[in-house]
1. For the list (1) open to solvent by less than 10 Å² (accessible area, probe 1.4 Å); (2) in contact (Cβ under 8 Å) with a residue 40 or more places away in the chain, I need the number of the one condition that E426 fails.
2. Scan E529, E509 and give me the residue that is open to solvent by 60 Å² or more (accessible area, probe 1.4 Å) and modelled with pLDDT under 85.
3. Report the residue count in region 2-58 for those that are open to solvent by 10 Å² or more (accessible area, probe 1.4 Å), charged (D, E, K, R) and near the ligand (Cβ under 9 Å from one of its atoms).
4. Please state which one of L442, L485, L446 is within 22 Å of S39 (Cα to Cα) and either touching a residue at least 24 places away in the same chain (Cβ under 8 Å) or in the same structural domain as T395 (by TED's automatic domain parsing) (or both).
5. Could you list, in sequence order, all residues of region 329-348 that are open to solvent by 20 Å² or more (accessible area, probe 1.4 Å) and in a helix (DSSP H, G or I)?
6. It is to be established whether one or more residues within region 189-201 are exposed (fewer than 13 other Cβ atoms within 10 Å of the Cβ) and either assigned to a helix (DSSP H, G or I) or modelled with pLDDT of 95 or more (or both).
7. List pairs: first residue in region 126-155 and more than 22 Å from G53 (Cα to Cα), second residue open to solvent by 50 Å² or more (accessible area, probe 1.4 Å) and not in a strand (DSSP E or B) anywhere in the structure, Cβ distance under 7 angstrom, at least six positions apart or on different chains.
8. Would you pick out the residues in region 129-163 that are open to solvent by 40 Å² or more (accessible area, probe 1.4 Å) and under 26 Å from D216 (Cβ atoms)?
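The values are calculated or read from the model by the stated rules, or taken from the named source; none is laboratory data. Please read these numbers as outputs of a predicted model, since none were measured by experiment. Because the Cβ atoms are built from the backbone with ideal geometry, glycine has one as well, and the counts that use them run over all protein chains shown. Just so you know, the surface numbers come from the protein's heavy atoms only, side chains and all, with ligands and any DNA or RNA stripped out. Shrake-Rupley method; radii C 1.70, N 1.55, O 1.52, S 1.80 Å.
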Amino acid sequence: MKEKIYLTTAIAYASSKPHIGNTYEAILTDTLARFFKASDYDVYFQTGTDEHGQKIEEKAKNANKNPQQFVDDVAGEIKRIWDLVGVSYDNFIRTTDPYHKAQVQKIFKILYEQGDIYKGSYEGWYCTPCESFWTESQLVNGKCPDCGRPVTKAKEEAYFFKMSKYADKLLKYYEDHPDFIQPISRKNEMVNNFLKPGLQDLCVSRSSFKWGIPVDFDSRHVVYVWLDALTNYITGLGYDANGNNGEKYNKYWPAYHIIGKDIIRFHTIYWPIFLMALGIELPKKVYGHGWLLQDGGKMSKSKGNVIYADDAVEFFGKDAVRYFVLTAMPFDNDGLVSWKLMIEKINSDLANVFGNLVSRTIAMINKYFGGTINNDGESEEIDSELINLATSTFTKYSAYMKDFKVADAIEEIFTLFRRANKYIDETMPWALAKDIEKQGRLSKVLYNLVESILIGISMLAPIMPETCNKTAKMFGAEVRNFNELNVFGKLENINVTSAPEILFARIDEEKETLRIEKAMEEKYAVKEEKIEEEKQEVEQISIDEFAKVQLKIGLVVACEKVEKSKKLLKLTVKLGEEIRTVVSGIALHYTPEELIGKKLTMVTNLKPAKLCGILSEGMILCAEDENGKIAFLSPEKDMPDGSLIR
Ligand code: ME8
C-alpha cells in the first residue's frame, strides 16, 4: 500500500489580494505535493480561504458590498492567483462553505456540552461608536485606538475555552514527538513563551460584530474566527462531529500543516488542544516557514512595497516565479524579495546555468550530428565524476525534500547542472569536432550531458513542472520516474528538436528593474485613487457649506522629497505673512525644482494632519485627467501670495 500524506497550507484571509509572500506558501506546498506524488505517495493537498471576522466585515462595508459578495470576489481572486502559479490542490475549501459552517456549529456545541467551553464574561473598555472592546493596554492615551473617542468600562458576555486543562498533555505530546514543530527553534519559542508561563483560557466567541458562524444555541454570538478557521483542516476532508466521517477523512487525517511563522502559536497550541478535546489524533507536523521580506522589512500595503505573484508571472513566467520564491527562502529563516533580486536570480541560475546548459547541448547535437546521437560512443575516465554526481544527487535531494528543505534540495540539482557546464569546458566538444577520429568520443560527451540534464530536470519537475516537461521534449524524452534517477544511460537514442526554444533569456537588470518598478507604481497608485473616487458619491452642497472652505494663493519657496516615500513632496508655502508646510502626493508628477517659485492654489483651513511623520498644514489643489495625469492650479494673472480665492 502507498504511504499517505495530507498536506495543507494556511487558509488565506479573503480580505484582500494575496501578495507574493502568501503565494510562496501555496507554491511551497504545491511543490511538496508534486514531490510526494512523484515519490509514489498517496497525496491529498488542501488549500483555501478564511472568510469570516470583523476585519472582513469592515472591508466589505468600505467596498459597499455585502460580506458574502465581498468574500466571493476575493476568494475568486485568490483561486485565480493559485491557479496562475500552478497550485495543484485537490481541494480548495472556503470557510463560508455550508458543510464547514454546520460542522463548526456542531463542534462548538459538543465542546460546550462536555464542559471544555463555558459561558463567562470579560471586562474591558468599550467604544460605543466602534462597537469594539479594548483591553487596558490597547487603549491609546486612554481613548479608543481606532477613532480616538472616549471609552467606557463595560462587561461582555462571552464563551471561553479551558486551555489550561490541556497544557500538560500538550507539553508531553511535544516531548514524545520531537518533530511535531519544525524548525525546532520555533518549538522552543512555544514552550518557553507560552506553555511554561501558563495558558490563559481563550475567548472563543464574539458578539460585537455579525460576520461569522453563529453559535447555534446562542445566536447573539459568532464563533471566534480561529476556531472556525483551524477546523477547515478536518471539515475539508469530510470530518463529521456526529461520527459519520467521510472516506477522505478516514484515509488522510492527520495532516502535515505548512504555515507562516506568525501563526505557529495557533497551530501548535490552540489547534492541538481543540483536537485533544474532540478526541482527534494530532497533526503529524507543523512546519512554520519564514517570511519573504521586502527591503529588510515587512511587505505591507501601507508601505506601498507589495509585490503580487500575478504581476511577476506576467513579467517572468510561472516557473521562474516558482523557482525564485522557493530558492529565496532558506529553511529556518526569512527570505528577501524585490524585482531586482528576481531578475538577478533568473539571470544567474535559470539563464546562465540551466538555460545555457540545455541550449549549448542541443546546439552541439544539431551542429555535429544533425540532431541524433546514440549511446555507443567512447567513455573516458573524466566522465566518471559527472556520472557519479548525476546518479547520487537524487538521494540527497529526496532527503531534503522529505524534510521540507526545498531550497537545499534545489541547490543539489543546480550543483549537478553547474558540474555539467564544467564538463563541457573540460571535454571541449568544439575541439573534438575538428578531429574525425574523435566522433565517437564527441557523441559520448554529448550523450552524458543529455543524461545529466534529464536526471536533473526530473528532480526539478515539482518545482518547475512546465519547463521540465518542455525541456524533456526538446530531447525527444520524458521526465523520468524517481526510481530511475540512480541509473545513468537509460536513453538509447536522442533526437533533439532542431530549433530549441530559449527557456530563459537574460534580462537587462537595470533597465527592466526600473521599468517594472515604474509600471507597478503606476498600476497600484492609479487603482488606489480610483477606489477612493468610486467611494465618493457626488453630493450637492449649499453656498454656506462651500464658504467654509478657505482657499488662498500660495508661493512655493522651498520643496524637497519626503524620505522613504516615492509619492510625497514636502513644500514650504508662503501665504502673505504666513509660512506653512504642506505634504502633497505629487512626487510622481513634479520634481521639487519644478515647483519652487510657482504660485498655486491651496486649501488653508484643513485640520493639520501628519504624513510620514511631517505635519501638513494645508492641501494643494490639482486637476487630474482620467489617465491620472496631474496639473496644479495657478492664477491666470500674477496675484500676490496670500490672496483669497472666492
Ligand atoms: O494568517 N512571506 O491568513 P493570511 C511568507 N487566515 N508568508 C507569508 C507572508 C510573507 N511575507 N505574509 C503572510 C492567515 N504569510 C489566517 C490563517 S489558518 C487556519 C488561518 C503567510 O492570509 C502567513 O504566515 O494572513 C500564513 O501562513 C499565510 O501566508 C496566509 O496568511
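1. Tallying (1) open to solvent by less than 10 Å² (accessible area, probe 1.4 Å); (2) in contact (Cβ under 8 Å) with a residue 40 or more places away in the chain, E426 fails exactly one: (1).
2. On the way: E509 fails: modelled with pLDDT under 85.
Of the residues listed, the single one that is open to solvent by 60 Å² or more (accessible area, probe 1.4 Å) and modelled with pLDDT under 85 is E529.
3. 1
4. Working: L442 fails: within 22 Å of S39 (Cα to Cα); L446 fails: within 22 Å of S39 (Cα to Cα).
When all the criteria are applied, what remains is L485.
5. K340, L341, E344, K345, S348, listed by residue number.
6. Within region 189-201, the first condition is being exposed (fewer than 13 other Cβ atoms within 10 Å of the Cβ), and the residues that meet it are 192-193, 196-198, 200.
Checking which are either assigned to a helix (DSSP H, G or I) or modelled with pLDDT of 95 or more (or both) leaves us with 192-193.
Within region 189-201 (the criterion being exposed (fewer than 13 other Cβ atoms within 10 Å of the Cβ) and either assigned to a helix (DSSP H, G or I) or modelled with pLDDT of 95 or more (or both)), the answer is yes, since at least one residue qualifies.
7. From region 126-155, the pairs are K143/R149; R149/P129.
8. E131, K155, E157, K162
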